[in-house]
1. Within segment 87-113, which residues are buried (at least 21 other Cβ atoms within 10 Å of the Cβ), of a type in the set (Ser, Thr, Tyr) and assigned to a loop (DSSP other than H, G, I, E, B)?
2. Select, from Ala855, Ala851, Ala894, the only residue that is at pLDDT 90 or above and in contact with a Pro (Cβ under 6 Å, 6 or more places away or on another chain).
3. Among the residues of segment 751-765, are any among the β-branched types (Val, Ile, Thr), assigned by TED's automatic domain parsing to the domain that holds Ser849 and in a loop (DSSP other than H, G, I, E, B)?
4. Specify the residue that is surrounded by the most Cβ atoms within 10 Å (Cβ to Cβ); the eligible residues are those in segment 434-491 that are without any contact (Cβ under 8 Å) to a residue 60 or more places away in the chain and more than 21 Å from Pro502 (Cβ to Cβ).
5. Can you tell me which residues in segment 118-159 are part of a loop (DSSP other than H, G, I, E, B), among the hydrophobic types (A, V, I, L, M, F, W, C) and farther than 22 Å from Ala79 by Cα?
6. Within segment 777-785, identify whether any single residue is assigned by TED's automatic domain parsing to the domain that holds Ala737, closer than 24 Å to Thr864 by Cβ and not in a helix (DSSP H, G or I), and answer yes or no.
7. With respect to Met913, determine if the residue is closer than 30 Å to Tyr994 by Cα, surrounded by fewer than 18 Cβ atoms within 10 Å (Cβ to Cβ) and not β-branched (Val, Ile, Thr).
8. Among the candidates Ser259, Ser280, Ser295, single out the residue that is of a type in the set (Ser, Thr, Tyr) and in contact with a Ser or Thr (Cβ under 9 Å, 6 or more places away or on another chain).
Amino acid sequence: MTKTTMKNNLIGKCVWLSIGVSCLLSTNLLAQGQSPAKRYEQMQRGLSSGWNTWDTRSVLTHVLLPYGAAIDLNLTNAAGQRVNNFRIGDRNPEAPVMHPGPHTYDGFYTDISLDWKGQKLRIQSASEGWNNLILITPLADNEANGTIIITPKALWYRENKIEIKDNTFTLKPFGEDWQIDARVNGNILETNKQGITVSTAQPIVIACGMNVDLAAAQAFIQSHYDAFVKKNKERFGKDYEVYNAMQNVLGWDNIYDPSLHKVITPVSRIWNMNNSMNPSLGGYSMYCWDTYFASMMLATGNKELAYANAVEMTNSITEKGFVPNFSSDNDYKSRDRSQPPVGSMAFWNIYQKYKEKWVLEYVYDKLLSWNRWWDKNRSVDGLLCWGSTPFDKVTYRYWETEGVNDTFGGALESGLDNSHMYDDILFDKEKHVQKLNDVGLSSLYVMDCDLLAKIAGELGKSSDAKELRERGESYRMNLNKLWDSKQGFYYNRHTDTGALNPRISPTNFYPLLANAPTQAQAERMIKEHLFNPNEFWGEWVIPSTPRNDPAFNDNNYWRGRIWAPLNFLVYMGLCNYDLPEARKALSEKSKNLLLKGWLSNGYVFENYNSVTGDGDDVRNSDKFYHWGALLGFITLMEDGFFKEENPADNAAANNAEQNEDWKIEANARIEKYRKEDINIRVVQNGKPVKGATVKVDMTDNEFRFGSNIFIWSEEDSPAMNAYKSQFADVFNFATLAFYWGGYEAERGKPGYAHSKKVADWCKANGIHGKGHPLIWNTGEPKWVKNLSDEELYEAQIGRVYDCADYFKETIDTWDVVNEMVGWDRENYWTYAPRLTSLVVNNKGKVPFSKAGFEAARKGNPNATLLINDWMVDDRYENLLNNLTDENGKPVFDAVGIQSHMHYSGAWNNDTIMYLCDKFAKYGKPIHFTEVTILSSLEKRSWGSLKPGEAVPTDPEGEEYQRANVERFYTMIFSHPATAAITWWDFSDRGAWRYAPAGFLRSDMSPKPAYTALKKLIKEDWATHATIKTNKSGVAKVRAFRGKYTFTVTLPNGKTVVKTFSDTIAKDKTTFELNIGN
């Protein structure tokens, strides 16, 4: 390499570095007060710069943005034929066959091969800043008589001065004081004003801003290849080709559109050109759910492109307030119909990775408008139908007429254009909907409500979040009407007849996305339908039409073929349940289908044959359509490659932001609802004592902070001693295990001894005891199977009374009824068949629950009695509404809300406040009974782990847990209706589902969350003050409610010290301390 070459390379790297630094600086500056709109525009300007294959018309046109200066490559053969458009997957028999290789998103490296009329070439490029190098290498069997014409040009009417001379050319953007000097090395045959013609029999080098020979060019290209490809191979390991396929189809589909002035990633370049209003300028076609899915995939490797595509699709919202089925150049869009509502899904998942609120703020109003539009325009009988609404034409193009206000238009809105499910479905031209409640759409809408409510919560829009949750809950309840218990599946319903439609597709699994089915129902759906080889299972899955439907054999588009988005949405639904085998199986089969086409020819198909797995067997399967890569994205998600970036930094950033908003408000509520102004009067010999010192010290908080204490034992070991001491150091509340199957394994021999030891230890350490649970249909004793219904009923109710009575001196709180809402779940017939049958088939949920509360009340009239459940939706409310005595008063003393956050991650603030507000209406204290926030960021199906497979805690996860424990506890403590929080479990050792849930690690060392919580409970939320009495003998202080000691020291050097104990409460704020003589 010559000194000149090295110098130019160094300059190139410096330019590239300066651009990167500028982008970083501008990104940081954006956080300093710029509006989301300004921030987005600046981000787009950053994307729209540098060399890349920006022009949608040809992947061999290299363009420098923002200037529009371009190098266009054309081919000619010996017969004089010429080609200037190169598109991957072009089915025209005269078109070049393109085999795509790696393509970075930013043009740093690209690699593609072609085969056209005997010419077989490999074209690689590498860019750094304004410098760009293109290397063209002839492959084996290349036709020696071919030529390539290198045509410098200006695109999109952007002004550039272009000069061509010999083997060089210059590109000078208008108005700039610099230019790019380019040199062509190769066997040059001709140079004219239009370009430079070079033989393709030997390698060709096109060097912009650089002066390199062939060897230096090859080394430069190789260095970029290594930097990109080797890095990805190291990162993704066995999943490299999966990521490679996904990243490359997105990279090659990435374009700049001059009408939008934006960088976007449409479905494919062929679709762009087919739908373009002006092919000479390019064009684009963005499809709704396609683009949102692309944004999620892009988030794996490029945050800005993820944002760009999700935002641009959302910004295409119509005048009526919905995101259209498609949006194209010249304002051509589907104003009659939308497409599956997955926008909130995309934004929420991207937010989970990058934790940047500004982009949520930017699109929120449009997402909310879209959500409300569905409810207003597509709802019939409490569920949604696909439709098409007439509108005034704008462009007078084909899709402004075809399908509008008819069944086909509704099918197009579904995204499943010619699906068998919509054969012969009637259309309501007044309501503009198909006469079919669609289970897929209704489920996606519930998911949209749920996720948009979370987004609203993150943005502090509480009223919107409440609206969305209530609307989502209403639709979720109505989805139950589509469940066929005989078939174990959800079905579409004819709105004109009320009959269920037996024709199904993968969309019938979408209730999993809505969290509508129970675990048992979900298991039936998978076992009886997804894994059914007569319907959806097989070597290649999931067919869009079940194999036993006549339309399966059509093998035509959405009739019988496999579509990646269906696989992906079913997978995402599986993630809501404990179905690890199903997730893994679907992931493996989806991956195999993707790699079949990718490894053989570098294609990612729009759809695939369900029998052969081929994607190239029909003409209406685009060969390079980016959503086909969702098949691989499933595997990347399953293997943990889609997770939060820099979680500790994000948590710290979010905490810093939260300190300025929610935390101030929460602390104000704590000050208002948890503290009292107290007056302490010191009296001696009947007279007030002026100048006495009163030391005020809390000994027990009125609020109950606790954990289960299930692994407590008498073992005298360092680990157990550490467990006990650290428990007693922070908590005033402990949950003891009273699971019937273990507590009374032999009839008539309850486990008094161990439970009494635990309860006595708690009492001795000032810890209030709670028993859990008295009634629950999991793990019933084996001996109950021989009892009659009445004998079992008496045994169960008798056990309730016995526990409450025997432990009345040490346990003052009981979870009397546990998870009654889901008592009839199908898996409970296996866990506890006799108790389940007793309630479901004989006693009934409400009478049985009332009997339990009555027995517990008799056993201990002074105890606090809870009902406890994790299903905190309308079904829980319905149960609570019916648990009243003859006077209409609740039979329970407190409402228990479980909050295991193994799968969902930590609830946001609005979810917490929403639930508190929702259940405060019963006028009873709320106990958060089973709280779990994990200290590992690994996404697992926690219920699938076995002993010895516990997932270890990790530093990033521990920081995540700490930050969210502080926030969660602060929010709960700040709500006036709450009275207790119980963590589940105290230590990772023996934790439920072998998850890293504890405040202590398995070795009993404390995690950061323990230290942070201890500070909150023992310092921030406890009053310790020293005050003096005034001339009236009164000392005043504002203190947290709870039990206290008041220590009085007389003035004037006297040493009389006296300690009193009392309780500060709402109705107890004045104290008189008489110290006698």
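The values are calculated or read from the model by the stated rules, or taken from the named source; none is laboratory data. Since we're looking at a predicted model, the values are computed, not measured. Here the Cβ positions follow ideal geometry from the backbone for every residue, glycine too, while neighbour counts run over all protein chains shown.
1. Within segment 87-113, just Thr104 meets the criteria.
2. Working: Ala855 fails: in contact with a Pro (Cβ under 6 Å, 6 or more places away or on another chain); Ala851 fails: in contact with a Pro (Cβ under 6 Å, 6 or more places away or on another chain).
After ruling out the rest, the residue left standing is Ala894.
3. Just the residues of segment 751-765 that are among the β-branched types (Val, Ile, Thr), to begin with: 758.
Filter once more, keeping what is assigned by TED's automatic domain parsing to the domain that holds Ser849: 758.
Then keep just the ones that are in a loop (DSSP other than H, G, I, E, B); that gives none.
No, every residue in segment 751-765 fails to be among the β-branched types (Val, Ile, Thr), assigned by TED's automatic domain parsing to the domain that holds Ser849 and in a loop (DSSP other than H, G, I, E, B).
4. Looking only at segment 434-491, we keep the residues that are without any contact (Cβ under 8 Å) to a residue 60 or more places away in the chain, and these are 434, 437, 463, 467, 470, 472, 480, 483-491.
Cutting the leftovers down to more than 21 Å from Pro502 (Cβ to Cβ) gives us 463, 467, 470, 472.
Details: Ser463: 9, Glu467: 18, Glu470: 14, Gly472: 23.
That would be Gly472.
5. The initial filter retains those residues of segment 118-159 that are part of a loop (DSSP other than H, G, I, E, B), namely 118, 129-130, 139-146, 155-159.
Filter once more, so that each one left must be among the hydrophobic types (A, V, I, L, M, F, W, C): 130, 139-140, 144, 155-156.
Selection gives Trp130, Leu155, Trp156.
6. Going through segment 777-785, the residues assigned by TED's automatic domain parsing to the domain that holds Ala737 turn out to be 777-785.
Remaining after also requiring closer than 24 Å to Thr864 by Cβ: 777-778.
Restricting the remaining residues to those that are not in a helix (DSSP H, G or I) gives 777-778.
There is at least one residue in segment 777-785 that is assigned by TED's automatic domain parsing to the domain that holds Ala737, closer than 24 Å to Thr864 by Cβ and not in a helix (DSSP H, G or I).
7. On the way: closer than 30 Å to Tyr994 by Cα: yes; surrounded by fewer than 18 Cβ atoms within 10 Å (Cβ to Cβ): no; not β-branched (Val, Ile, Thr): yes.
Here the answer is no, as Met913 does not meet what is asked.
8. Values: Ser259 fails: in contact with a Ser or Thr (Cβ under 9 Å, 6 or more places away or on another chain); Ser280 fails: in contact with a Ser or Thr (Cβ under 9 Å, 6 or more places away or on another chain).
Ser295 is the lone residue from the list that is of a type in the set (Ser, Thr, Tyr) and in contact with a Ser or Thr (Cβ under 9 Å, 6 or more places away or on another chain).
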